[in-house]
Amino acid sequence: MNKRDSIAPQPILLRDYVVPAFLLDRVDLTFELDETSTRVSSRLVLHRNPDHPVSDADLVLDGHELMLESVLLDGEPMSTDRYDVDDESLTIKGLGESAILEITTRIEPQKNTSLMGLYKSNGNFFTQCEAEGFRKITYYLDRPDVMTRFTTTIIADRSKYPVLLSNGNRVGEGQYDRNRHWVKWVDPFKKPSYLFALVAGKLSCLQDSFTTRSGRKVALEIYVEPQDLEKCHHAMESVKRSMKWDEDVYGLEYDLDSYMIVAVSDFNMGAMENKGLNIFNTKYVLARPETATDADYMGVEAVIAHEYFHNWTGNRVTCRDWFQLSLKEGLTVFRDQEFTADMTSRAVKRIDDVRTLRTAQFAEDASPMAHPVRPDSYIEINNFYTVTIYEKGAEVVRMYHTLLGAEGYRKGIDLYFKRHDGQAVTCDDFAAAMGDANGFDFTQFKRWYSQAGTPVVKVVSQFDAANQTYTLDISQTCPPTPGQPEKLPFHIPIALGLLDAAGAEIPLQLAGEASLQGTTRVLQLTEASQRFVFTGISAQPTPSLLRGFSAPVKLDYPWTRQELAFLMAHDSDSFCRWEASHTLIREVLLELIAAARASETLSLPGELVDAMRRALLDEAADPALIALMFTLPAETYLADQVDEIHPDAIRTAREYLRVALAKALRSEFKHTYARFCGATQAYRYAAVDIAKRALKNVCLGYLTSLDEPAFIELAQTQFQQANNMTDSQAALAALVELPQGATALADFANRWQDDPLVMNKWFTLQAMDKRADALDRVRALQQHPAFQITNPNKVYALLATFCSSNLAGFHRADGAGYAFAAEQILVLDKLNPQVASRLARSFNRWKKLEPTRRAQAKTALEKLAAHADLSRDVFEIISKNLA
Ligand code: PHE
Ligand code: ZN
């Protein structure tokens with residue numbers, strides 16, 4: 001047995017859940033913030049939980065990397081033989097029915113590079129407690145089903161930390177001693193520790209207010225470093241729009257007197273919904289036209305909405321345990337998706353989300369890390385903030401909405417809050433509320449929570465002219481995933497329509513129905529295979545299947561290329577128009593990849609060119625939709641479509657298609673670029689303008705791929721004259737790999753060297769470089785003064801982008817990419833295990849690689865696994881990859 005075996009981290013299991021032995025009546029915290037050592041005093045008022053199976057259980061408080069100073073029980077110092085302290089806990093024996101514990105600990109936030117618990121960033125203090133960061137602040141029942149009221153007193157140097165924030169309402173402040181001041185906060189709502197937050201520092205504040213529909217005035221405050229104050233207006237507008245939307249659509253009002261957002265540049269994730277005091281990655285707060293792209297603006301609006309929506313879905317009603325994470329995340333993502341759809345373009349938003357789902361979540365479902373929306377085990381919970389929990393979880397909530405309709409869904413939501421406000425609950429409770437409010441049985445539907453993997457839905461159609469029927473035989477299967485060799489049938493809503501030869505919608509009636517029932521129907525597939533017969537169909541229709549992407553499945557239907565081109569032009573469902581183009585392009589690319597592997601000459605099918613030309617020239621169409629049709633699927637997505645990954649063949653095929661389309665549609669791209677070039681002079685964040693910029697920049701990308709001086713000049717001119725980052729970045733991206741790219745990159749860096757968020761874009765563009773020496777460039781960029789390995793955004797922009805998105809660059813035949821990743825993972829693991837673990841996921845596709853690369857990747861993984869001191873985060877990813 002080697003060292004690793006003896007101490008290998010053990011999984012936590014859902015089926016082991018036990019209610020907490022003690023509950024908290026309240027907690028009072030005092031923080032004495034200091035440069036070298038911070039003292040945290042906590043006063044816990046506890047009582048035994050009558051529901052716990054053991055009546056005299058020990059009190060086990062979680063705690064990690066804490067220096068215990070003292071423990072008082074009911075006001076008296078406790079003798080050390082009455083408690084045990086180890087690396088992970090403080091255990092107190094022999095307590096009665098209730099107790100008051102006063103615990104003092106010391107911590108060193110200035111040394112905390114994990115960005116969990118209390119840490120420093122640019123001289124200011126911040127906390128991050130989800131999922132299990134509170135235990136790095138003080139000993140506590142650090143689990144979401146322990147909810148209580150918090151008061152927090154913060155004491156700190158007045159000049160260094162003029163702003164002192166925590167959850168709830170500010171109830172007092174004063175001078176503590178000569179240089180130090182204090183502020184006291186009371187949060188009137190019960191909450192679990194993961195929603196605790198504290199911020200202290202030199203921050204400027206943008207203020208505004210929102211009056212709720214019942215007439216309460218809420219102070220809105222966004223805190224940032226002083227130089228960033230001018231970049232907060234879009235975030236503030238987004239807050240107000242979110243508050244209004246949640247009132248209008250969900251009937252939910254904000255519940256505190258103030259709502260605070262703080263931006264921090266060192267943050268592992270996007271943002272955090274701490275009660276009344278959200279803490280955000282600067283990436284999702286700061287935006288002005290010169291520095292933020294349209295995508296950034298949309299990201300800010302969506303993440304602000306997401307965190308704001310958590311106040312009800314997550315905070316007022318929270319999760320019983322971390323296996324239920326999707327209860328709050330899937331629901332809140334669905335809410336923010338719908339918000340964005342209402343604020344911008346519903347079709348474009350849906351397509352964007354489906355692309356993410358397919359590229360990232362389907363890949364996860366096919367990887368060694370595949371897990372259900374409600375996992376039944378984990379080694380490190382931080383590894384489960386995944387696209388499956390978030391995005392697939394949102395699809396699950398969307399399916400309730402599809403099955404129940406908007407009204408039925410709202411009834412379910414209302415019942416959910418009526419039953420569970422102030423509680424910590426499970427996904428079963430959510431399903432029960434949805435079902436009970438509507439008399440709908442979700443028993444089978446709940447398999448979406450317990451079975452991992454992406455179902456494949458196969459449709460076979462048959463038109464019967466004599467009987468005027470159109471029959472769909474629909475069957476489902478789901479591939480095995482770790483620990484789940486076989487699956488039971490899912491309950492799958494399949495929205496569809498049928499088009500006649502002219503492209504018009506056919507009113508639909510199923511056999512046995514008395515009347516026509518509209519043109520889009522939602523079929524419910526619950527069996528392994530089922531037959532649906534439409535009557536009164538007089539001629540062969542073209543089916544439009546899975547409208548709006550009504551379920552997170554892979555659809556298998558043998559459309560001809562003509563049918564796909566027809567759907568692209570005629571489907572009334574915009575999602576399906578795009579989907580038809582995507583299917584067509586995917587098929588062509590798969591053929592090209594096969595041809596590239598066989599070293600055959602590549603050629604561009606005429607049907608594709610014609611269909612794409614028609615789309616491009618359709619001046620009545622939404623330019624955003626056209627832009628999306630011309631956005632080729634990512635290399636990584638293509639890698640997931642083939643049986644064996646040959647990264648170079650994928651790259652060759654995709655690049656060939658890009659240039660071939662550019663050649664075939666040269667004049668149309670030129671014309672379209674010109675059409676939209678001057679169309680958005682002064683920058684406005686508005687869907688119509690975003691759409692025009694998107695299509696214009698897609699055209700620019702194709703044109704520059706032709707390597708003609710006139711088009712390169714076009715890109716250079718756009719780069720120099722752009723008054724917004726969307727156009728500037730698009731032009732830079734078009735130039736990067738050309739000889740002219742070096743100057744453009746230098747100009748860009750020179751202009752933006754002091755803006756970390758803009759520099760992230762500069763790193764990302766270079767991490768995606770398709771030239772053979774990409775890895776050398778990435779290594780060189782690590783030495784750039786703007787790169788810092790301790791800053792997660794920088795690691796994601798450069799290292800994670802290279803390792804997880806630059807398919808052929810990372811998966812180099814000589815294995816140098818794997819060796820590089822392994823080396824960086826080990827460095828990062830010592831600093832920030834969560835970030836290291838994200839990088840480790842770049843190996844998730846390794847088993848599907850062609851043999852040479854597979855062997856190289858395996859060697860790198862095995863070397864990593866041999867390190868006995870890996871964090872639980874990295875250990876879990878590596879061991880599951882090798883399992
Ligand atoms: N709960 C956060 C969100 O989804 C994400 C998060 C998780 C942030 C863990 C930090 C740490 O909004
Ligand atoms: Zn969330």
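The values are calculated or read from the model by the stated rules, or taken from the named source; none is laboratory data. All values derive from a computational prediction rather than experimental measurement. Cβ atoms come from the backbone with ideal geometry, glycine included; neighbour counts cover every protein chain shown.
For region 680-700, enumerate the residues that are assigned to a helix (DSSP H, G or I) and either out of contact with any helix residue (DSSP H, G or I) (no Cβ under 6 Å at 6 or more places or on another chain) or at pLDDT below 95 (or both). Show your work before the answer.
Here is the first cut: in region 680-700, the residues assigned to a helix (DSSP H, G or I) are 687-700.
If the condition is that a residue be assigned to a helix (DSSP H, G or I) and either out of contact with any helix residue (DSSP H, G or I) (no Cβ under 6 Å at 6 or more places or on another chain) or at pLDDT below 95 (or both), then A687, V688, D689 are the ones that fit.
Tell me the strands (runs of 3 or more DSSP E) entirely within region 1-103 that contain at least 1 residues that are farther than 25 Å from T152 by Cβ.
On the way: elements: 22-32, 38-48, 59-62, 67-73, 83-85, 89-92.
The qualifying strands (runs of 3 or more DSSP E) are 38-48, 83-85, 89-92.
Considering region 282-297 alone, what residues qualify as being touching a helix residue (DSSP H, G or I) at 6+ places or on another chain (Cβ under 7 Å) and either within 15 Å of ligand 2 (Cβ to nearest atom) or of a type in the set (A, V, I, L, M, F, W, C) (or both)?
Matches in region 282-297: Y284, V285, L286, A287, A292.
Here is a yes/no grid of residues against (1) surrounded by fewer than 20 Cβ atoms within 10 Å (Cβ to Cβ); (2) within 14 Å of ligand 1 (Cβ to nearest atom); (3) not assigned by TED's automatic domain parsing to the domain that holds K761; (4) not β-branched (V, I, T):
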position	(1), (2), (3), (4)
K240	yes, no, yes, yes
D246	no, no, yes, yes
E253	yes, no, yes, yes
V264	no, yes, yes, no
G276	no, no, yes, yes
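Name every residue in region 310-333 that is under 15 Å from the mean Cα position of the chain (by Cα) and within 10 Å of ligand 1 (Cβ to nearest atom), in order of residue number.
H310, L325, K328, E329, T332, V333
Just the residues that are buried (at least 16 other Cβ atoms within 10 Å of the Cβ) and free of Cβ contacts under 8 Å to residues at least 12 places away in the same chain, please, taken from region 722-776.
A722, G741
Taking the options R812, R838, name whichever one is part of a helix (DSSP H, G or I) and either charged (D, E, K, R) or more than 25 Å from T293 (Cα to Cα) (or both). Let's see the steps before the verdict.
Numbers: R812 fails: part of a helix (DSSP H, G or I).
Answer to the check: R838.
Taking the options E230, E253, name whichever one is part of a loop (DSSP other than H, G, I, E, B), charged (D, E, K, R) and closer than 25 Å to T344 by Cα.
On the way: E230 fails: part of a loop (DSSP other than H, G, I, E, B).
Step by step, each of E230, E253 is checked, and only E253 is part of a loop (DSSP other than H, G, I, E, B), charged (D, E, K, R) and closer than 25 Å to T344 by Cα.
Just to be sure I understand, how many residues within region 859-883 are assigned to a helix (DSSP H, G or I) and not charged (D, E, K, R)? Spell out how you get there, then give the answer.
Narrowing region 859-883 to residues assigned to a helix (DSSP H, G or I): 859-865, 872-882.
Filter once more, so that each one left must be not charged (D, E, K, R): 859-861, 864-865, 874-875, 877-879, 881-882.
Within region 859-883, residues that are assigned to a helix (DSSP H, G or I) and not charged (D, E, K, R) number 12.
I'd like the residue in region 337-384 that is assigned to a loop (DSSP other than H, G, I, E, B) and within 16 Å of ligand 1 (Cβ to nearest atom) and, out of all such residues, is surrounded by the fewest Cβ atoms within 10 Å (Cβ to Cβ).
Filtering region 337-384 for residues that are assigned to a loop (DSSP other than H, G, I, E, B) and within 16 Å of ligand 1 (Cβ to nearest atom), the one surrounded by the fewest Cβ atoms within 10 Å (Cβ to Cβ) comes out as E380.
Tell me whether region 131-138 contains one or more residues that are more than 16 Å from ligand 1 (Cβ to nearest atom) and either outside any helix (DSSP H, G or I) or in contact (Cβ under 8 Å) with a residue 24 or more places away in the chain (or both).
Yes, some residue in region 131-138 is more than 16 Å from ligand 1 (Cβ to nearest atom) and either outside any helix (DSSP H, G or I) or in contact (Cβ under 8 Å) with a residue 24 or more places away in the chain (or both).
Do you know which residues across region 415-442 are among the polar types (S, T, N, Q) and within 18 Å of S326 (Cβ to Cβ)? Talk me through it step by step, then tell me what you get.
Let us first name the residues in region 415-442 that are among the polar types (S, T, N, Q), namely 423, 426, 438.
Listed by number, the residues that qualify are Q423, T426.
Among the candidates E102, E108, single out the residue that is in contact with a Gly (Cβ under 9 Å, 6 or more places away or on another chain) and in contact (Cβ under 8 Å) with a residue 60 or more places away in the chain. I'd like the intermediate steps shown before the answer.
On the way: E108 fails: in contact with a Gly (Cβ under 9 Å, 6 or more places away or on another chain).
Testing whether each residue is in contact with a Gly (Cβ under 9 Å, 6 or more places away or on another chain) and in contact (Cβ under 8 Å) with a residue 60 or more places away in the chain leaves just E102.
Could you count how many residues in region 252-281 are over 21 Å from F210 (Cβ atoms), small (G, A, S) and within 16 Å of ligand 2 (Cβ to nearest atom)?
Final tally of qualifying residues: 1.
Regarding region 237-244, can at least one residue be identified that is assigned to a helix (DSSP H, G or I), more than 13 Å from ligand 2 (Cβ to nearest atom), over 19 Å from G133 (Cβ atoms) and small (G, A, S)?
Yes.
Please work out which residue is nearest to T386 (Cα to Cα), limiting yourself to region 312-327 and to residues that are of a type in the set (S, T, N, Q) and within 11 Å of ligand 2 (Cβ to nearest atom).
Of the residues in region 312-327, the ones of a type in the set (S, T, N, Q) are 313, 315, 318, 324, 326.
When the remaining residues are screened for being within 11 Å of ligand 2 (Cβ to nearest atom), the result is 313, 315, 326.
On the way: T313: 18, N315: 20, S326: 10 Å.
Once the filter is applied, the top-ranked residue is S326.
Take region 309-336 and flag every residue that is not in a helix (DSSP H, G or I) and not hydrophobic (A, V, I, L, M, F, W, C). I'd like the intermediate steps shown before the answer.
Of all residues in region 309-336, those not in a helix (DSSP H, G or I) come to 311-321.
Scanning region 309-336 gives N311, T313, G314, N315, R316, T318, R320, D321.
Quick check on region 86-129: of everything there that is of a type in the set (D, E, K, R) and in contact with a strand residue (DSSP E or B) (Cβ under 6 Å, 6 or more places away or on another chain), which residue is nearest to R43 (Cα to Cα)? If you could, list the steps in order and put the result at the bottom.
To start, the set of residues in region 86-129 that are of a type in the set (D, E, K, R) comprises 86-88, 93, 97, 102, 106, 108, 111, 120.
Next, only the ones that are in contact with a strand residue (DSSP E or B) (Cβ under 6 Å, 6 or more places away or on another chain) stay: 97, 102, 106.
Details: E97: 17, E102: 4, R106: 15 Å.
Ranking the qualifying residues of region 86-129, first place goes to E102.
This table checks each residue for (1) of a type in the set (S, T, N, Q); (2) within 16 Å of ligand 1 (Cβ to nearest atom); (3) in a loop (DSSP other than H, G, I, E, B).
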| position | (1), (2), (3) |
| --- | --- |
| N268 | yes, yes, yes |
| F280 | no, yes, no |
| E290 | no, no, yes |
| D296 | no, no, no |
| E301 | no, yes, no |
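Could you list, ordered by first residue, the pairs with Cβ atoms under 7 Å in which the first is in region 654-679 and assigned to a helix (DSSP H, G or I) and the second is among the hydroxyl-bearing types (S, T, Y), at least 6 apart or interchain?
R658/Y702; R658/S705; V659/S705; L661/Y702; A662/Y702; A662/S705; F669/Y702
What residue, among those in region 524-554 that are buried (at least 17 other Cβ atoms within 10 Å of the Cβ) and of a type in the set (A, V, I, L, M), is nearest to T443 (Cα to Cα)?
Here the answer is L525.
For region 385-429, which positions are among the charged types (D, E, K, R), surrounded by fewer than 22 Cβ atoms within 10 Å (Cβ to Cβ) and within 20 Å of the chain's Cα centre (by Cα)?
At the first step, the residues of region 385-429 found to be among the charged types (D, E, K, R) are 391-392, 395, 398, 407, 410-411, 414, 418-419, 421, 428-429.
Subsequent filtering for residues that are surrounded by fewer than 22 Cβ atoms within 10 Å (Cβ to Cβ) retains 407, 410-411, 414, 418-419, 421, 428-429.
Within region 385-429, no residue meets the criteria.
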